């Protein structure tokens, strides 16, 4: 594994754009040049270090959640655009986040979603159910949410009515990845699912994909890549059949983030000071 940038600590969240990578490291929001790893912009935005923060971004804005607080920054220069306290304690912290052109969707512990209008900055709260949703993604006019009790919810993102519910596991559905009409999902009991979104049914299932928690990182050619930081490994799967093709040992620890762009897998982990790169064309 190569290192794109050696920073002062672990990166807890990052977003890859055309020329730059924006990431959270310690107290700072940092912009790295993709080609060199050089720091081109950084700003201290937190009072203390934290390991549970994450971000999502588009071309214009970056949204970061830290425990119960949501932040919005202008992506070009990290100017703070707003800050919202969405909860107060461990019963109301932010579990996941997704964005579209109009709205920020934050899943809140114990089954709620709070939305932020990106124009007016008004917030609204919706009660979905008793189970926390630790993964949330946008699919057309829907939100797709994985719950801590192993369910997959297909929810209208305007009315927040749950149109379909799929029971996948008894454990948390912690990672979701879309590739066209296909959704790949990972549960904390080691199951890997391939789901056809046209009928919202499981096409393929693999048990014991990894011995511990893992994430669906993305697709490279005809291969699905999963990453397990606790197991210190990544796995390559046939994206159609979920046949395991290869397992590669890689020095990772506890938790992290991963993103695939062309032949590069960008990866962060608790034991990496910065961002690592795996060249998938050499695996």
Looking at the stretch 198-218, I want the residues that are within 18 Å of residue 241 (Cβ to Cβ) and have a partner that is modelled with pLDDT of 95 or more and loosely packed, with under 15 Cβ neighbours inside 10 Å with Cβ atoms under 6 Å, at least 6 apart or on another chain. Which pairs are those? 203/196
Candidate set: the stretch 38-52, residues that are farther than 18 Å from residue 81 by Cβ, free of Cβ contacts under 8 Å to residues at least 40 places away in the same chain and in a loop (DSSP other than H, G, I, E, B); chosen: the one nearest to the chain's Cα centre (by Cα): 50
Given (1) under 17 Å from residue 26 (Cα atoms); (2) without any contact (Cβ under 8 Å) to a residue 24 or more places away in the chain; (3) not in a loop (DSSP other than H, G, I, E, B), identify the lone condition not met by residue 83. (1)
Considering the stretch 250-277 alone, what residues qualify as being more than 16 Å from the chain's Cα centre (by Cα), closer than 22 Å to residue 184 by Cα and part of a strand (DSSP E or B)? 264
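For the stretch 148-231, give me every one of the strands (runs of 3 or more DSSP E) that falls completely inside it and has 1 or more residues that are within 19 Å of the chain's Cα centre (by Cα) and under 22 Å from residue 268 (Cβ atoms).
Working: elements: 151-156, 162-167, 173-179, 182-187, 192-196, 201-206, 215-220, 223-228.
Passing ranges, in order: 173-179, 182-187, 192-196, 215-220, 223-228.
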Options 94, 108, 136: the member that is under 26 Å from residue 196 (Cβ atoms) and crowded, with 19+ Cβ neighbours inside 10 Å: 136
Which numbered condition residue 119 misses (of (1) within 15 Å of the chain's Cα centre (by Cα); (2) surrounded by fewer than 16 Cβ atoms within 10 Å (Cβ to Cβ)): (1)
Whether any residue in the stretch 9-25 is touching a strand residue (DSSP E or B) at 6+ places or on another chain (Cβ under 7 Å), at pLDDT below 95 and either assigned to a loop (DSSP other than H, G, I, E, B) or within 18 Å of residue 60 (Cβ to Cβ) (or both) is what I want to check. no
Are any of the residues in the stretch 108-120 under 24 Å from residue 233 (Cα atoms) and either at pLDDT 95 or above or touching a strand residue (DSSP E or B) at 6+ places or on another chain (Cβ under 6 Å) (or both)? no
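The values are calculated or read from the model by the stated rules, or taken from the named source; none is laboratory data. Everything quoted here is computed from the prediction, not taken from an experiment. Glycine also receives a Cβ, built like all others from the backbone with ideal geometry; neighbour counts cover every protein chain displayed.
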